[in-house]
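Shown next, in structure tokens, is the structure this report addresses.
The values are calculated or read from the model by the stated rules, or taken from the named source; none is laboratory data. This is a predicted model, so every value here is computed, not measured. We place every Cβ from the backbone using ideal geometry, glycine too, and count neighbours over all the protein chains shown. Each accessible area value is taken on the protein alone, full model and side chains, heavy atoms only, with ligands, DNA and RNA left out. Shrake-Rupley method; radii C 1.70, N 1.55, O 1.52, S 1.80 Å.
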Amino acid sequence: GSPAQSFCLPCGVGTFSGPNASKCHSCPVGYSQVGKGQASCLPCIPGEYQNATESVSCENCPIGYVSETNATICQECLSGSTTDKPGAASCVDCQPGRYLVDRMCEDCARDTYTASSKQTTCETCTSGYLALKGQTTCENCPAGWQIAGELGSRECLRCDPGKISVFGGNCTDCGRGS
């Protein structure tokens, strides 16, 4: 007979082998390999994860979650922070005037506010004060104006002729001779 011939076959996707190896190994969790015949697997990058072996790709962490290198799970962002897109590498805080709702930073509604970042609720303006959407403080109406409307639709209205107001107060009749 003829002498035995040996030849190497490339390892398939999701696997790797070292030099002079006799078999292919599955990529471990947290790693992937899309190419054939590779000597190693690639770690999942921050913002990605893989919890299965022999994977050809890593998965993006969903919005509101992040991961470290070669992660097998994603970690939820801390309260009051989130990510702007799937696969993000870091969390961002909801800024003043905004709050966290369903893993998204949203503007505070009219007549509510947040003065600091990382908030999960907005504060309601006290009586006599108002705020537009996404504000960091509430304001009162200037002199000569008074507040009108219900919570969520408050506005400043100019006093009628012959009436006056102090900051944020109700319009009252001007004194005699004025």
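Here are the numbers for the structure shown:
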read-out	value
Count - residues of region 111-124 that are assigned to a loop (DSSP other than H, G, I, E, B), in contact with a Phe, Trp or Tyr (Cβ under 7 Å, 6 or more places away or on another chain) and free of Cβ contacts under 8 Å to residues at least 40 places away in the same chain	4
Residue in region 74-89 that is β-branched (Val, Ile, Thr) and open to solvent by 30 Å² or more (accessible area, probe 1.4 Å) present	no
Some residue of region 57-68 being charged (D, E, K, R) and closer than 27 Å to residue 103 by Cα	yes
Residue match in region 61-69 (condition: open to solvent by 80 Å² or more (accessible area, probe 1.4 Å) and either free of Cβ contacts under 8 Å to residues at least 40 places away in the same chain or more than 30 Å from residue 24 (Cβ to Cβ) (or both))	yes
Pick from region 29-54, criterion assigned to a strand (DSSP E or B) and touching a Leu at 6+ places or on another chain (Cβ under 8 Å), ranking: most open to solvent (accessible area, probe 1.4 Å)	31
Selected residue (criterion: most open to solvent (accessible area, probe 1.4 Å)) from residues of region 129-178 that are touching a Phe, Trp or Tyr at 6+ places or on another chain (Cβ under 6 Å), outside any strand (DSSP E or B) and hydrophobic (A, V, I, L, M, F, W, C)	143
Test: residue in region 120-128 that is open to solvent by 60 Å² or more (accessible area, probe 1.4 Å) and among the small types (Gly, Ala, Ser)	yes
Set 58, 108, 44, 74: member being touching a residue at least 24 places away in the same chain (Cβ under 8 Å) and within 30 Å of residue 136 (Cβ to Cβ)	108
